[in-house]
Amino acid sequence: MIGVLDLQGDVVEHLDHLERLGVVARRVKDPSHLHNLKGLIIPGGESTCLSRLLRIFEIDTAIMEACKRGVKIWGTCAGAILLATQIVGEKAYLGLIDMEIERNSFGSQLDSFAAVASIPKVSSEPVPLTFIRAPKIRSVGPGVEILLRMDDYIAAAETEGILATVFHPELTNNFAFHRYFSRKCGLLAGESPLLADPTWKPTSWTRLARISTG
Ligand code: GLN
C-alpha cells in the first residue's frame with residue numbers, strides 16, 4: 001500500500017493515478033496512517049504550510065523513522081523541497097535526500113509551464129511535465145542519481161529510498177512516474193482499464209469522491 005500525505009496540496013490527483021494503476025492507496029493524516037506502508041507520496045502544495053502542518057500533527061519525525069525502516073518516499077514539487085538536505089536561504093525540513101533546492105526558482109505562479117522530456121529510466125516514451133511555481137534542484141550529493149537534467153537545473157533525482165521531482169506527474173494523463181514509484185516500493189502497478197481512459201482530464205480526480213479515508 002502507498003500513502004499520500006493528506007495535509008495540504010494535490011492529494012486526490014495522486015490517489016487517482018494510483019487507483020488507475022490498481023495500486024492500493026491510503027490518505028496519511030497522522031503518524032498511525034504510516035503503519036504498513038511500502039511507500040509515501042508527499043504531494044505538491046506549499047512547502048512552508050506543509051512543514052508547519054507536519055510539525056503540528058507530529059508526522060515529521062514519524063516520516064523520518066519510516067524512511068529508516070525502508071519506506072520509500074516520493075516528493076513532488078513542494079514535497080521535494082521538504083525532502084532536501086539544503087534549501088537556498090532557508091532551513092531544511094526533513095533532510096532525507098542530499099541535494100540543494102531553490103524555491104520558486106522560475107518566478108511567480110504566472111511563470112508555470114508544461115514541457116516534455118525523455119527520462120529513459122522511468123519510461124521508454126517521452127513524459128509530459130507540469131511545473132507549477134516550481135523549485136530547481138541546484139546540485140545533488142554523492143550517491144544521488146540524476147534522472148532528468150534540464151537547462152541549468154536538475155528536475156528529477158533519486159536515491160534507493162527517495163524520489164524527488166520538481167514537476168507534477170499527477171497533473172498529466174501519464175502514469176509512468178506513478179508506475180515507476182510503485183515498482184520502487186516493490187508493488188505491482190498493473191494495467192487498469194482506467195489507464196486507457198480517453199476522457200481523462202486534469203479534473204478527472206473529482207470522481208474520487210467515493211473513496212473512503214479509512
Ligand atoms: N512554490 C511552492 C513552494 O515553494 C511549491 C509549488 C508546488 O508544489 N507546485 O512550496
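The values are calculated or read from the model by the stated rules, or taken from the named source; none is laboratory data. Predicted, not measured: the structure shown is a model, and the values here were computed from it. Backbone-built Cβ (ideal geometry, glycine too); neighbour counts: all protein chains shown.
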So Leu129 ticks every box in (1) away from the ligand (no atom under 14 Å from the Cβ); (2) assigned to a strand (DSSP E or B) but one. Which box is left unticked? (1)
Out of the residues in region 67-123 that are at positive phi and surrounded by fewer than 19 Cβ atoms within 10 Å (Cβ to Cβ), state the one that is modelled with the lowest pLDDT. Gly107
Strands (runs of 3 or more DSSP E) fully within region 1-109 counting 1 or more residues that are within 12 Å of the ligand (Cβ to nearest atom) and of a type in the set (Gly, Ala, Ser): 72-76, 84-87
Within region 159-189, the count of residues that are more than 16 Å from the ligand (Cβ to nearest atom), closer than 20 Å to Ala25 by Cβ and not hydroxyl-bearing (Ser, Thr, Tyr) comes to 16
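Could you tell me how many of the residues in region 138-152 are under 25 Å from Phe175 (Cα atoms) and either within 13 Å of the ligand (Cβ to nearest atom) or not in a strand (DSSP E or B) (or both)?
Qualifying residue count, region 138-152: 2.
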